[in-house]
Amino acid sequence: MQDDELVKQIAQQLDDSTESLDYATQLKLQRIRQQALQVSPKESMVKRFWQPMSAFLVTASLAAVVVFNTQQTTAPTSNHQTEILEDIELLAADEELEFIQNLEFYEWLDKDGAQQLES
């Protein structure tokens, strides 16, 4: 019951304050009230339904684009991934620096040895 009394008091204060306004402002307020009352409940329900729904659909679409785009761009090829792992193994090894400096020679040696095995 207190809420009803509070609403009545607020409404009375607002009505009293509008009476002290000049005539032109009172007319503007009446027009605005009439326009607000002319909005049909059906229209307002459609707006209340479609605005959040469209916002949700736009957000979901953007999220899907971001997720699928990042999955495609971050998936390295297996060959590239293997090369990276080999480089990491090489850098993490406690081998001497001389081995790393002569790496091209060892790769040639490995390649030449593989060709001789195939022959």
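Since every read-out is calculated from the coordinates, none of them should be taken as a lab result. Predicted, not measured: the structure shown is a model, and the values here were computed from it. Positions of Cβ are backbone-derived with ideal geometry, glycine not excepted, and every protein chain shown enters the neighbour counts.
Values as computed for the structure displayed
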| read-out | value |
| --- | --- |
| Spin-label model distance (nm) - Tyr23 vs Trp50, 7 Å beyond Cα toward Cβ | 4.2 nm |
| Residues with amide H under 5 Å from that of Asn102, placed H, sequence gap 5 or more | none |
